[in-house]
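Shown next, in structure tokens, is the structure this report addresses.
The values are calculated or read from the model by the stated rules, or taken from the named source; none is laboratory data. Note that the coordinates shown come from a computational prediction; the quantities given were computed from them, not determined experimentally. Heads up, the Cβs are rebuilt from the backbone with ideal geometry, glycines too, and the neighbour counts pull from every protein chain shown.
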Amino acid sequence: MNKKPNILFLMSDEHRFDVSGFTGNPVVRTPFLDRLAKDAVIFTNAYTPSPVCIPARQCIAAGQFPRTCGVENYGQDLPPNYQTFAKTLVQGGYKTAAAGKLHHFGIDQMQGWLYRIAGDCEVSSKHYAQGCNRSATSDNASGLLESGIKWDDKKEILRAGPGHSAYARRDELAVQGAKNFIYEHFIDSYYDRATPYVPLMLYVGLLNPHYPYIAEENLFNYYLNRVELYKNQEPFNHPFLGRCSNCGPLRPGIDIDKRDVKRAMAAYYANIETIDKQFEQVFKALEEAGEDLDEWIIIYTTDHGEMLGEHAIWEKQRFFEGSVKVPLFIRYPKKYEPKKVDKNVNLADLFATLCELTKTPLPDHLDSRSLVPLMAGDDSDWMDESISQWGGRNLMIKWGAVKYQLYTDDGSEVLFDLDTDPSESSNLIHHEKYKALLPKFRERAEALGFRYKTCN
């Protein structure tokens, strides 16, 4: 009987697609991820199901879009005992272990994982409060943002520089915890007791390069005079897309000093180099334990991107490429040759992909599509679509190079064609060329539960 493959799932937080060596960035140093990607299937148009941490992560876990699984806002979580991909793999015979960030706020902090190592376990108090007003509760998204507890983006930029943040310390603990688990699982398994083979899925989630924009001094200094501001720094004329998540646009030289922008960018780049080194530590620990990593499935991705000053905005929550597009590759050289796949895919698709790769029965009612046909070079039946949602009100649908956005608060629509406008500067919603396509986007939006007309 063929053994099921072990899985290493590597995940960062807020890693912008184009700030990696394997995606063509000439400045950032990511030698380890580049080495993995060289033997992997790279998805060049991978998108997050939601451009904010918690909804994105729960949608990945559930293999569903935000509206399907009910996690549409920061601070929400999946119900207890939800059918996550981790739970599904356990039911298929896997041992599952998660080290580092998962970002659950609900009572069920395991969500299918048998082991949580150096995790970010935190139960929101709203699960215990009776009759609380959620908008005023300090531990949900709107409460944090409305109360002003969270620093605004300008302040985050102004404090950028060298240092050792709390996030960095937690990442170090996560990596060490993963290495300890590897040692116990493969080398010193309960005082060398003989154990039958059980396939393993090991997840390692790091908080970096998510702000604060604080990084190791040597790396920060290296990047400070090497990073370049994005060319498109003009705010987009839209009430949502034209501002940061918690302040107005930050135009270099007008709203904020260019040097401060470069400092934040330098720290961000430095933190990406740091996670590259940390993931390599986990990889080497597995090698030292005698594992042939060419026989493992290795996945690398992140939850969403980071605008990094493009369009004069920072953070995420927007459907610009910098925020919603993510790096994704799957390495399994024993079965799949390295290639680049340009079709639109979604991180929610990883659920079905893991099931097919491991021959695990796939649950019903998922929005997840297996990427295995694309990995094998067959895109004949692939629907070239990706979906992203945020806040229960905003929706993105991308077909091919055309990206449609609907904002139900005011009924506004935005349309970009990335083939003709890669900088996403021109709203083509009223362009004659796309007149026939618009009703189809609206019909799809309706099917996803979003009305394209303003609700009175």
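Scanning segment 337-367 for residues that are acidic (Asp, Glu) and out of contact with any strand residue (DSSP E or B) (no Cβ under 9 Å at 6 or more places or on another chain), we see that the one that is surrounded by the fewest Cβ atoms within 10 Å (Cβ to Cβ) is ASP364.
Scanning segment 346-381 for residues that are among the small types (Gly, Ala, Ser) and on the phi < 0 side of the Ramachandran plot returns ALA348, ALA352, SER368, SER370, ALA376, SER380. Only one of the numbered conditions (1) over 25 Å from GLY392 (Cβ atoms); (2) out of contact with any strand residue (DSSP E or B) (no Cβ under 7 Å at 6 or more places or on another chain) is not met by ALA86, and that is (2). Checking each residue in segment 63-99 for being in contact with a helix residue (DSSP H, G or I) (Cβ under 9 Å, 6 or more places away or on another chain) and of a type in the set (Val, Ile, Thr) picks out THR68, VAL71, THR84, THR88, THR96.
Tallying residues that are within 23 Å of the chain's Cα centre (by Cα) and either among the β-branched types (Val, Ile, Thr) or at pLDDT below 95 (or both) within segment 172-211 yields 3.
Among the residues that make up segment 151-164, is at least one of them modelled with pLDDT under 80, in a loop (DSSP other than H, G, I, E, B), surrounded by 19 or more Cβ atoms within 10 Å (Cβ to Cβ) and assigned by TED's automatic domain parsing to the domain that holds GLN281? The answer is no; no qualifying residue exists.
Of the candidates PRO212, PRO196, the single residue that is surrounded by fewer than 18 Cβ atoms within 10 Å (Cβ to Cβ) and part of a loop (DSSP other than H, G, I, E, B) is PRO196. Is it true that THR301 is surrounded by fewer than 23 Cβ atoms within 10 Å (Cβ to Cβ), in the same structural domain as ILE187 (by TED's automatic domain parsing) and within 16 Å of the chain's Cα centre (by Cα)? It is true that THR301 is surrounded by fewer than 23 Cβ atoms within 10 Å (Cβ to Cβ), in the same structural domain as ILE187 (by TED's automatic domain parsing) and within 16 Å of the chain's Cα centre (by Cα).
One line per residue, one yes/no per condition, for (1) basic (Lys, Arg); (2) touching a residue at least 40 places away in the same chain (Cβ under 8 Å):
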{"residue": "TYR223", "(1), (2)": "no, yes"}
{"residue": "ARG226", "(1), (2)": "yes, yes"}
{"residue": "GLY253", "(1), (2)": "no, no"}
{"residue": "LYS258", "(1), (2)": "yes, no"}
{"residue": "ASN271", "(1), (2)": "no, yes"}
{"residue": "GLY305", "(1), (2)": "no, yes"}
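Scanning segment 65-77 for residues being more than 20 Å from LEU206 (Cα to Cα) and crowded, with 24+ Cβ neighbours inside 10 Å gives a total of 4. Can we say PHE43 is farther than 25 Å from LYS398 by Cβ, at pLDDT 95 or above and not basic (Lys, Arg)? Considered against the rule, which asks whether it is farther than 25 Å from LYS398 by Cβ, at pLDDT 95 or above and not basic (Lys, Arg), PHE43 comes out as no. Confirm whether SER370 is modelled with pLDDT of 95 or more, of a type in the set (Ser, Thr, Tyr), surrounded by 17 or more Cβ atoms within 10 Å (Cβ to Cβ) and part of a loop (DSSP other than H, G, I, E, B). Yes, satisfied.
Residues are listed down the side, and each one gets a yes or a no for (1) touching a Phe, Trp or Tyr at 6+ places or on another chain (Cβ under 8 Å); (2) modelled with pLDDT under 95:
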| position | (1), (2) |
| --- | --- |
| GLU321 | yes, no |
| ILE330 | yes, no |
| PRO338 | no, no |
| LEU347 | yes, no |
| LEU357 | yes, no |
| PRO361 | no, no |
| GLY377 | no, no |
| MET383 | no, no |
| GLY392 | no, yes |
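For segment 408-436, what are the residues that are surrounded by 15 or more Cβ atoms within 10 Å (Cβ to Cβ) and within 23 Å of PHE65 (Cα to Cα)? Those that are surrounded by 15 or more Cβ atoms within 10 Å (Cβ to Cβ) and within 23 Å of PHE65 (Cα to Cα): THR408, SER412, GLU413, VAL414, LEU415, PHE416. Taken over segment 423-437, the criterion of being without any contact (Cβ under 8 Å) to a residue 24 or more places away in the chain and in contact with a strand residue (DSSP E or B) (Cβ under 9 Å, 6 or more places away or on another chain) is satisfied by SER426, LEU428, ILE429, HIS430, HIS431, LYS433. Taking the condition more than 20 Å from ASP349 (Cβ to Cβ) and assigned to a loop (DSSP other than H, G, I, E, B), does VAL28 pass? For VAL28, the condition - more than 20 Å from ASP349 (Cβ to Cβ) and assigned to a loop (DSSP other than H, G, I, E, B) - is met. Can you find even one residue in segment 396-407 that is in contact with a Ser or Thr (Cβ under 7 Å, 6 or more places away or on another chain), within 18 Å of TYR47 (Cβ to Cβ) and surrounded by 17 or more Cβ atoms within 10 Å (Cβ to Cβ)? Looking through segment 396-407, at least one residue is in contact with a Ser or Thr (Cβ under 7 Å, 6 or more places away or on another chain), within 18 Å of TYR47 (Cβ to Cβ) and surrounded by 17 or more Cβ atoms within 10 Å (Cβ to Cβ). Residue count for segment 30-51 satisfying the condition of being buried (at least 24 other Cβ atoms within 10 Å of the Cβ) and β-branched (Val, Ile, Thr): 2.
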